[in-house]
Each structure stands twice: as structure tokens, then as C-alpha cells.
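Here is the structure we will look at, set down as C-alpha cells.
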């Protein structure tokens, strides 16, 4: 019984935190594949966006530099999709809270960061699959990335890191939301302006002047420009956007992760 | 650590909604090692809040509590290693199988993988879930979920177990089955703090009962002591008709400490010295020529105790509680 009162060393705390995050990640991924209907429809939505913009709106949108709209579009759709994917962090956490699972976790001797860490890691893994799926769909509708495979992979990493940072903000929303339905509704006022008042679907020049300032500098646009620079290049070659997106991601993570962790610790 | 008290709480207080709702107001508790203590109280009395503080989920505004000598606030992580929590709100993941739920909890309690596998299989066996272990929990019945929930709280074989209304919303058969499981745990030496709003459950399982209302302890003792405190025995005599019952009641009135209660052909008397008064009552009935059909002399039930202590019936509408599960339900409950 004497070992009960001893505190574990820092090294073993970190090791256990990683193990706990792994356990929760596995649980979340298992839950995802156990509901194939949800998996199917969450994959369907971005595909419909691709088809909608590629074949319906695309013809009306002029892209500078004479490159095909589909090449302009795909990096935008990628980033929009992984932002929406990040919102599932809010919904998942709110659901776990609502069902009482988090109550059980909080009475277990597990790491205090594992519930949030495991949720965001699982959602990140999901976003990896989404990017693979979208790449295939993109190639099927005429997306022809320029540049090396390494550039393409770097583009994917840039947006995955961005989505990971956003997830901690959505985690905060999920912990504050009264129900999972409310959590979902609460993500829209953030997601819509960020993804649509951006350079994801239209060139900056086509926006009215008063929106251009916001649309040019807000983090989703910066991320889209970074991905476009790496995957499409040409007139969109923009290395400073890559650094800009990484800076946004790290900055957001440093602010949002402690906020979410604090909200988790203060649950009542 | 050598203390004989497994769970101790001193002056716990907790308010919600910026002080509007006082869930606990100077709550004290002592649970001796290896015993079952029943925390009995109506909805909103503070039972769940007390358990959530004792199981480190919630921090008290004032007061302190220890589990086997470890402080629930300052040594929360160590406390979490020696407690198990099951009940209405600590729950299981319905997308995972029963086996996966148990192994997940085992891993989160930092048991080794082989240990976790053995333990999960044993517990599924022990709780009659061996066949269902490979199925997602969403296919389980309410009784099966509760058993799995209880099994999940036992993965580490904790010396102290909190059961928060373990049978609320269960059908009678599942309730009896769960009682047997809890009995077995207690005989193996586990200390149990059980909250319930069913008097029958507290009477059946707990050695000591603590009655709580408005966040405070209003009475405690063994079920027999609590009933004895009420100070009287109930004598029920059943005659051949309601008319004879009414006239018998009049001739027996001086034997009862309260006005006799007539219900159809049955006369109920509240008496101090049970057997001798019963003999006197029988003599009078015989002399008056009534036919006696039945006689029942019994101690007051916990229901009577509860009614006397809180001024209201204990068993409230539990269907409504079962329906408002989840977070919304929890908040409503604590504020009620």
C-alpha cells in the first residue's frame, strides 16, 4: 500500500500520457469505423463540394495566370474539408460528455490530457484518410498537381498541422457546449466565414475591397495559399505563405491547447 | 494508511450556478473498511454530488475528504488508483464491445496488456456477459449495460467502490441480479458506498444507512436503529368486515399512541409495547365477539422512517429520471 502515496517521475508520467493518448485514440477510431453510415456520409460531403465547384460554379470563376480552375480549386477544397473535419472534435467531445463517458475517464488514474489528446489524434488520423480520398477524387476530375511528390506531401503536412491546431479550439467549444447538437451548431459561425471568406474557392481580386483585407490575412487563406504554392506553384508560388501557415498553426496551438486543457480540468 | 476508516468526509460543501444551488452543505461521512454504507435521500438531496467529490471528479468549495487516508483533492491521482465508480452517469462506450470497454479501462488504469486480457475475460464471465462480450454495447439491454458498467469499475479490483444509484431504471429481475453481485463483492472485502433512493435497496444491501437531505446528513445508523428511533411498532388486525373494523377501532383507540388507522376491514394501531398490547387487543376483540381473520405485528419500514425524517415519500417518479439521462439530466437533477 505504501507505493500508493508516491508520485511517479516526470519521465514515466510522459510515457503513461502517451500510452493513454494511444488508448483513447484507438477507442475513438474504433467508434468511427463501427458507424459505417457516418463514415460514408462524412466522405460524401467533400466529394459533393468538389463536384459542385468543379462543374457548377467553376465555369463562372476566372483564375489569374490561365491555370485550370480545378487546379486552383483542389487546395481550397482540401483545406475547407480538413477544417470541417476539425469541427468533429467539438461534436465528439460534447457527445462523450453528454453520455457520461468523460465522467468515467475523470475518475480513472489516467493522464489528464489523454481525453483531449486522444480525440484530436483520432480526428487527425481521420483527416489523413480524408486527404487521401480527396486526392483520388481530385485526380479523377482533372486535378493535376505540379511539383514533386515531396512538395505534395509537405502541402498535406502543412494543412494537417493547421487542422490539428484548430481541433484544440473546437475541443474548447465541445467542452463548453451543452449537447453535441449544440456543439455542431456552434462550429458553423466559425467555419463558414473562415472557409468561404477566403481564397479557397475564388481569387482574392474577385472579392469586394472591404473583404479583401480579412480574406488575405486570415489563417484559412494563408493555409490555402501555402498548399496552393506547394501543389500548384506557377502564379501561386508563394513560399512566405508556407511559413505564414506554419506560424499561424503553431501560434493557434499555443493559445488554444492550454485553453482546452483548462476547460477540461474545470469541468464540473 | 492503517486507518480503519475507508472513506471520510468532513464538512463538504458545494454550490452550483454561482451559489444559487446548494448541493452539499456541511456533509460528513465515515465508511468503515469492508462495510457497505447506504447513502439514502430523495432526488436532489446531494447524493450524486457527494459521490462525485469523493471520486475526485468534482472539487468541493469547502471541507475535505479522504479515501484510505489519501486526500481527494491533493492526492487525486493516487485516490483514482484505489477507487471504482459505477452508476447512473459513469458509463460505457456503446460503440465498443463489452470486452473492448473493459480492456480500455484496464489500459487506462495502467495494467499490462496480458493482465488486462485476463481480467476482462474473467469479469465478463463473472457478470454473465461472456457470450455478449464480443458484441457492441449498443445491442445490450439496460441490465447488461449496468453489469458491464459495474465490471468496468472493478477492472483494477479497487478496495473502495462507489455505486451511484446502481439500479435506478432497472427492471426488478435485473435489480435482484445486481444485488447478488454487490453482495458477492462485499463478502470479498470491498468497501462500498452506495447511493440510492430505494429504501428496499438500502435495507437489503447496507449495514449502515446515512440519510441525506438538502446536502446535509439528517440521520444515520443501522436500518434497525433508524426504525427503532421512530419509536413504535405497527399492529394490524384484519376483521371480517369494514363495519366491525370501525367499531373495533373505537374500542381499541386507547391502546394506540396515535389515532387508529382503518383501511377497509383492517385496523392499524401504533403501539409502544408490541406483544403485550397485541394480547390485550385480542382479549377485547374476543370479548366483543368479532371474528379475527388476520394479525400482523411489524417494525416500521424504512419508508416510514424516511417519511418521518424528510416529510416526504422516498420513492419518487424514477421513470422520469431514467429518461433524462446524460448531462442535461444531471444538471437538472442537481438543481432540483
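The values are calculated or read from the model by the stated rules, or taken from the named source; none is laboratory data. Nothing here was measured: the structure is a model prediction, and the numbers come from that model. Quick reminder, even Gly has a Cβ in these numbers, built from the backbone with ideal geometry, and neighbours come from all protein chains shown.
Just checking, does region B:40-57 include any residue being part of a strand (DSSP E or B), modelled with pLDDT under 95 and within 18 Å of the chain's Cα centre (by Cα)?
Yes; the residues of region B:40-57 include at least one that is part of a strand (DSSP E or B), modelled with pLDDT under 95 and within 18 Å of the chain's Cα centre (by Cα).
Residue check: is residue A:192 part of a helix (DSSP H, G or I), surrounded by fewer than 23 Cβ atoms within 10 Å (Cβ to Cβ) and out of contact with any helix residue (DSSP H, G or I) (no Cβ under 7 Å at 6 or more places or on another chain)?
yes
Take region A:110-151 and flag every residue that is under 21 Å from residue B:81 (Cβ atoms) and surrounded by 20 or more Cβ atoms within 10 Å (Cβ to Cβ).
A:110, A:111, A:114, A:115, A:117, A:118
For region A:89-99, check the following and say yes or no: at least one residue is more than 14 Å from chain B (Cβ to nearest Cβ), under 19 Å from the mean Cα position of the chain (by Cα) and over 30 Å from residue B:103 (Cα atoms).
The answer is no, given that none of the residues of region A:89-99 is more than 14 Å from chain B (Cβ to nearest Cβ), under 19 Å from the mean Cα position of the chain (by Cα) and over 30 Å from residue B:103 (Cα atoms).
Looking at the structure I just gave you, is residue B:151 assigned by TED's automatic domain parsing to the domain that holds residue B:36, within 30 Å of residue A:29 (Cβ to Cβ) and crowded, with 23+ Cβ neighbours inside 10 Å?
Yes.
Restricting to region B:58-83, give me the number of residues that are surrounded by fewer than 23 Cβ atoms within 10 Å (Cβ to Cβ), touching a residue at least 12 places away in the same chain (Cβ under 8 Å) and part of a helix (DSSP H, G or I).
3
Filter region B:182-212 down to residues that are without any contact (Cβ under 8 Å) to a residue 60 or more places away in the chain and assigned to a helix (DSSP H, G or I) and give me whichever is farthest from residue B:156 (Cα to Cα).
B:204
Please specify each residue of region A:104-139 satisfying the condition of being part of a helix (DSSP H, G or I) and under 15 Å from residue B:109 (Cα atoms).
A:104, A:105, A:106, A:114, A:115
One line per residue, one yes/no per condition, for (1) touching a helix residue (DSSP H, G or I) at 6+ places or on another chain (Cβ under 6 Å); (2) outside the structural domain of residue B:30 (by TED's automatic domain parsing); (3) outside any helix (DSSP H, G or I); (4) surrounded by fewer than 20 Cβ atoms within 10 Å (Cβ to Cβ):
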| site | (1), (2), (3), (4) |
| --- | --- |
| B:85 | yes, no, yes, no |
| B:95 | yes, no, yes, yes |
| B:99 | yes, no, no, no |
| B:111 | no, no, yes, yes |
| B:156 | no, no, yes, no |
| B:167 | yes, no, yes, no |
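Go through region B:12-39 residue by residue and tally those that are within 17 Å of residue B:66 (Cβ to Cβ), part of a loop (DSSP other than H, G, I, E, B) and within 14 Å of another protein chain (Cβ to nearest Cβ).
Qualifying residue count, region B:12-39: 1.
Checking the condition under 30 Å from residue B:54 (Cβ atoms) and touching a residue at least 12 places away in the same chain (Cβ under 8 Å), which residue from A:58, A:76, A:118 passes?
Step by step, each of A:58, A:76, A:118 is checked, and only A:118 is under 30 Å from residue B:54 (Cβ atoms) and touching a residue at least 12 places away in the same chain (Cβ under 8 Å).
How many of the residues in region B:83-133 are touching a strand residue (DSSP E or B) at 6+ places or on another chain (Cβ under 6 Å) and either away from chain A (no Cβ under 14 Å) or under 21 Å from residue B:57 (Cβ atoms) (or both)?
Residues that pass the stated criteria total 6.
If I filter region A:13-25 down to residues being within 8 Å of another protein chain (Cβ to nearest Cβ) and out of contact with any helix residue (DSSP H, G or I) (no Cβ under 6 Å at 6 or more places or on another chain), which single residue comes out as modelled with the highest pLDDT?
By that ranking, first place goes to A:19.
Conditions tested, residue by residue: (1) under 16 Å from residue A:78 (Cα atoms); (2) under 21 Å from the mean Cα position of the chain (by Cα).
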{"site": "A:225", "(1), (2)": "yes, yes"}
{"site": "A:229", "(1), (2)": "yes, yes"}
{"site": "A:239", "(1), (2)": "no, no"}
{"site": "A:242", "(1), (2)": "yes, yes"}
{"site": "A:248", "(1), (2)": "no, yes"}
{"site": "A:252", "(1), (2)": "no, yes"}
{"site": "A:258", "(1), (2)": "no, yes"}
{"site": "A:266", "(1), (2)": "no, no"}
